[in-house]
Amino acid sequence: MKKKVRTYRIAIDGHSSSGKSTIAKSVAAVLGYKYIDTGAMYRAITYKILSGNISPDDIDGIKNLLNTTSIDFYVEDNKNFIILDGLNVENEIRNLKISEMVSEVSAIAEVRDFLVKRQKELGLGVGVVMDGRDIGTVVMPDADFKFFVTASLEIRAIRRQTELEAKSKEKVNYNQILANLKKRDEIDSSRKHSPLKIAEDAIIIDTSYLTIDEQLNKIIDIIENKKGKQTK
Ligand code: DC
């Protein structure tokens with residue numbers, strides 16, 4: 001059943017595989033809000049760069065590519081699909097090849113400017129839950145609620161392994177995933193343009209030992225009782 005609360009704009013940031021997308025999707029479903037997965041947008045651009053054989057160093061090539069790019073979301077049965085240039089690429093963007101390159105692509109200023117502009121548009125004037133790395137700091141600094149979701153590196157690696165194995169029906173190497181997450185944490189936190197950092201007014205949710213229901217209840221309770229350090 002949808003809960004009735006005032007229409008809010010909610011930012012959920014956090015580390016890779018911290019569980020933030022799962023929790024963001026659930027919060028949006030409970031509140032009947034739009035859900036925007038900004039990581040999927042960076043993955044879609046990475047997919048387009050890879051498919052076009054463009055090097056991440058080729059800034060002119062990337063600028064041209066962005067000039068002819070459209071990104072949107074399509075929702076069916078409460079599931080979100082990312083639409084790149086009119087095509088559903090949801091399945092193509094969730095593999096290790098994309099994961100290995102996406103941090104490099106998301107550190108490119110032109111890519112960030114392009115996507116942040118689109119994310120601001122998507123978050124305007126509606127009840128929205130947006131998840132990513134810089135939502136509370138850059139995309140929606142005026143969000144009504146800001147959460148920062150995290151979990152230990154090892155627990156995040158196990159979660160990502162389980163997710164990838166369920167999807168590919170094949171064994172996936174734990175150490176490779178651990179190394180990839182560690183590297184992405186480092187690149188995401190140290191990049192020059194909008195690095196991953198905790199907004200001053202964010203509430204930290206450590207999901208390491210919480211079930212999805214416990215995480216959801218915690219966040220919904222904060223929203224319903226307006227316990228957030230709100231900016232307005
Ligand atoms: O949430 P995810 O793992 O699907 O995100 C993929 C990558 O995109 C991640 O390595 C960092 C980047 N990203 C970003 O830089 N800014 C965002 N708002 C969302 C994701």
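Only bridges with both residues in the chain count here: give the DSSP antiparallel percent, nearest 5. Show your work: numbers first, answer last.
Working: 8 of 26 bridges.
Within the chain, antiparallel bridges account for around 30 percent of the total.
Non-local amide H neighbours of Gly132 (under 5 Å, H modeled in plane, Pro and chain starts lacking H): which ones?
Sorted by chain and number, the residues that satisfy this are Ile12, Asp13, Gly14.
Once you have the Cα-Cα distance between Phe73 and Ser55, take 0.36 nm times their residue separation minus that, and quote the gain in nm to one decimal.
3.8 nm
What size of dipole, in debye to the nearest 20, comes out for the chain about its Cα centre when the only charges are +1 on Lys and Arg C-beta atoms and -1 on Asp and Glu C-beta atoms?
In total the dipole reaches around 560 debye.
In degrees between 0 and 90, to the nearest 10, how far off the longest principal axis of the chain does helix 20-31 point, with axes built from Cα atoms?
Long axis of 20-31 versus the principal axis of the chain: about 50 degrees.
Explain nothing, just compute: Karplus ³J(HN,Hα) = 6.51 cos²θ - 1.76 cosθ + 1.60, θ = phi - 60°, for every residue of region 78-83 in order, whole Hz, x for Gly and Pro.
Values, residue by residue: 6, 10, 9, 10, 8, 10 Hz.
Which shape class applies to region 1-88: rounded if a/c is under 1.5, otherwise prolate when a/b exceeds b/c and oblate if not, where a ≥ b ≥ c are the square roots of the Cα gyration tensor eigenvalues?
Here region 1-88 falls in the prolate category.
Only Cα pairs under 8 Å and at least 6 apart count here; give the relative contact order of region 102-232 as a rounded whole percent.
On the way: 117 pairs, mean separation 46.8, N = 131.
Normalised by residue count, the contact order of region 102-232 is 36 percent.
For region 118-154 and region 17-40, write down the distance between their C-alpha centroids in whole Å.
10
Once each part is reduced to its C-alpha centroid, what is the distance from region 77-98 to region 50-73 in angstrom?
17
If packing is taken as the mean number of other Cβ atoms within 10 Å per residue, what is the order of 163-171, 11-19, highest first?
11-19, 163-171
Hey, any idea what % of region 118-232's accessible area is carbon plus sulfur with a 1.4 Å probe?
Ligands and nucleic acids excluded, carbon and sulfur reach 54 percent.
Would any residue of region 171-212 have its amide N under 15 Å from a label point 7 Å out along Cα→Cβ of Lys218? List them or say none.
202-212
In percent, how large is the relative contact order of the chain, given Cα pairs closer than 8 Å and 6 or more residues apart?
Once divided by the residue count of the chain, the mean separation gives 31 percent.
Distance check, please: which entries in Lys146/Lys226; Lys20/Lys197; Lys34/Lys117; Lys97/Lys167; Lys63/Lys183; Lys79/Lys167 exceed 19 angstrom between their Cα atoms?
Lys63/Lys183
Can you pull the three principal axis extents for the Cα set of region 1-160, in Å, largest first?
Answer, in whole Å and largest first: 47, 37, 30 Å.
Pop out the ³J(HN,Hα) list for region 188-201 in order, Karplus 6.51 cos²θ - 1.76 cosθ + 1.60 with θ = phi - 60°, rounded to Hz; leave Gly and Pro as x.
4, 7, 9, 5, 5, 8, 5, x, 5, 8, 7, 4, 4, 9
The values are calculated or read from the model by the stated rules, or taken from the named source; none is laboratory data. In this text, all values refer to a predicted model and were calculated from it rather than measured experimentally. All Cβ positions, glycine included, derive from the backbone under ideal geometry; neighbour counts span all protein chains shown. All accessible areas refer to the heavy atoms of the entire protein, side chains included, with ligands and DNA or RNA removed. Shrake-Rupley method; radii C 1.70, N 1.55, O 1.52, S 1.80 Å.
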